[in-house]
Amino acid sequence: MTDVRRREGDGVGGLRHGTASFDQLREAALTLRKEGLSRRQIRDRLKVGNNDLLNRLLEGEPPPEWTKRPNAKDDLRATARELRTRGLTYDQIQLELGCSKSSISLWV
């Protein structure tokens, strides 16, 4: 059988064995977030494997700009809407833009 690989720690940042309190973990998580770290980096540093706990630790603190995904298809979406208002069918828009009809359906 394959060995299961796990990160160090107990998955709850020391809460279980009493080396940290929730308030201490929250303060550390917020400090790391303000330094610009991602959720994954914070999780690894604090040894928190529980997503529910991580969500509670970071509650109310916005993510850094660099972690936000760009909306790469915003221009395609706008073009598809424009073409549809001109009366083109989904098939015609698909040929024009080179994307799937299901995407076009969601966009318009």
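The values are calculated or read from the model by the stated rules, or taken from the named source; none is laboratory data. No experiment lies behind these values; they were computed from the predicted model shown. Quick reminder, even Gly has a Cβ in these numbers, built from the backbone with ideal geometry, and neighbours come from all protein chains shown. Calculation scope for accessible area: heavy atoms of the full protein, side chains included, ligands and nucleic acids excluded. Shrake-Rupley method; radii C 1.70, N 1.55, O 1.52, S 1.80 Å.
Of the residues making up the range 39-47, one or more are within 18 Å of L15 (Cα to Cα), open to solvent by less than 60 Å² (accessible area, probe 1.4 Å) and aliphatic (A, V, I, L, M). Among the residues of the range 51-102, those identified as more than 30 Å from R40 (Cα to Cα) and of a type in the set (S, T, N, Q) are T79, T85, T89, Q92, Q94, S100, S102. Filtering the range 62-95 to residues that are surrounded by 15 or more Cβ atoms within 10 Å (Cβ to Cβ) and in a loop (DSSP other than H, G, I, E, B) leaves only L88.
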